[in-house]
Amino acid sequence: MASCWWRWRWRRACSWRPAARSPGPNSAGRAALSAPRAAAAAATVAVARAQMSYCNIMKSLTSAFQNMYGVSRFHHTTPVACCCSKMQSGEKYTDPFKLGWRDLKGLYEDIRKELFISTAELKEMSEYYFDGKGKAFRPIIVVLMARACNIHHNNSRNVQASQRAIALIAEMIHTASLVHDDVIDDASSRRGKHTVNKIWGEKKAVLAGDLILSAASIALARIGNTTVISILTQVIEDLVRGEFLQLGSKENETERFAHYLEKTFKKTASLIANSCKAVSVLGCPDPAVHEIAYQYGKNVGIAFQLIDDILDFTSCSDQMGKPTSADLKLGLATGPVLFACQQFPEMNAMIMRRFSSPGDVDRARQYVLQSDGVQQTTYLAQRYCHEAVREISKLRPSPERDALIQLSEIVLTRDK
């Protein structure tokens, strides 16, 4: 009975339709309004409807899935932009990446030392992505969180060696997952160059990913903290479960969105959330601080992936370093697609057949771009970043805490 109730709520929340529906990819297009005032009024109404739809969806999802990985219970009921440029501690503004790199000098050299391998080919494959050209987004967050938690606990401004090791381990686990994902997706390019599987073949790529994971596990064991080991091994389990979720799909629209958010947490946010929690455990005994670190990482991680899903529609291949519309070509319905489906129900059939029929990918892309799917996914990412800021603001003011606040804005405004 309860199940029927929340499904009914979802349908009601998502049942809005624009008064003048956007044209489909094959239509002649919407007639132009002659008066500028009328055009401006129509635009205002469209934005208001988009926000109303977003809020209704969020209310429905929040009440139905409060305990899932997806949507947290927010204090506000309207989309809130994450304007975090103003520092809260009174400290002079510092670029979060420059601040974080103080503790990450020699990051990739240290990772390559962990991958000490005698076989030349296996060594080259394993070190292929540790060339210093990645964003190092995860290690940066980890060391900033370590300092923020240390300062909060006892005003210590040093990063422990074990906390820095977590940053290396997080980057190694992330990179291993990229190598494996490229095999599963048969990807040909990443970070502007050929993938491991395209150069050395799928079988060797799988082994290279396994080797990186094993090296990360050895480094984790050296830390010697069983709680931290348990926290980070959960990440590896989540990566596998998230990949399985991505291979499946849901017919029911409500379940489909919850399925997408859970997959997003497991494949992307779990690593960030649990790495943040791990360094907080190493630096502070307070479980409340551990939860703050975890919640910040979870919310920023989900927002990061939501923006990544948007960029698959709005960015170009040169910016991304990999082909765009890749998700549609893989048969994946991400946030922009799921929101667009509310305006174009004909997309349901394409989603269920995973965009496998000729022309499906191009039609779906046009539907997304003509809907407010990108805008509503942006609202959703803003809400997650707003929640991340709310959590991290509970810590004592410090340059590192403020840098983590600033990072949430960078997540929203990045273009690659």
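A few points about this structure:
- Pairs, first open to solvent by less than 10 Å² (accessible area, probe 1.4 Å) in the range 249-278, second modelled with pLDDT under 95 and in a helix (DSSP H, G or I), C-beta under 6 Å, six or more apart: 254/7; 254/10
- Positions within the range 333-346 being assigned to a helix (DSSP H, G or I) and over 22 Å from residue 305 (Cα atoms), in sequence order: 343
- Top-ranked residue of the range 120-135 - restricted to ones that are open to solvent by 50 Å² or more (accessible area, probe 1.4 Å) and part of a loop (DSSP other than H, G, I, E, B), ranked as modelled with the highest pLDDT: 131
- Every pair of residues 6+ apart whose Cβ atoms lie under 6 Å, when the first sits in the range 350-376 and is within 13 Å of residue 327 (Cβ to Cβ) and in a helix (DSSP H, G or I) while the second is open to solvent by less than 70 Å² (accessible area, probe 1.4 Å) and polar (S, T, N, Q): 365/325
- Against the criterion of being open to solvent by 60 Å² or more (accessible area, probe 1.4 Å), in contact with a helix residue (DSSP H, G or I) (Cβ under 8 Å, 6 or more places away or on another chain), touching a residue at least 40 places away in the same chain (Cβ under 8 Å) and hydrophobic (A, V, I, L, M, F, W, C), residue 220 does not qualify.
- Residues satisfying the stated conditions in the range 136-159, i.e. of a type in the set (A, V, I, L, M) and modelled with pLDDT under 95: 136
- Residue, farthest from residue 140 (Cα to Cα), within the range 283-317, restricted to residues that are hydrophobic (A, V, I, L, M, F, W, C) and open to solvent by 30 Å² or more (accessible area, probe 1.4 Å): 316
- Note on the range 364-416: residues that are open to solvent by less than 30 Å² (accessible area, probe 1.4 Å), among the polar types (S, T, N, Q) and under 19 Å from residue 305 (Cα atoms) total 4.
- Scope the range 104-119; condition open to solvent by 70 Å² or more (accessible area, probe 1.4 Å) and more than 18 Å from residue 210 (Cβ to Cβ); matching residues: 105, 109, 113
The values are calculated or read from the model by the stated rules, or taken from the named source; none is laboratory data. Quick caveat, the model's predicted, so the values are computed rather than measured. Note: ideal-geometry Cβ built from the backbone for every residue, glycine included; neighbour counts use all protein chains shown. Quick note on the areas: whole protein, heavy atoms, side chains included, nothing else; ligands and nucleic acids left out. Shrake-Rupley method; radii C 1.70, N 1.55, O 1.52, S 1.80 Å.
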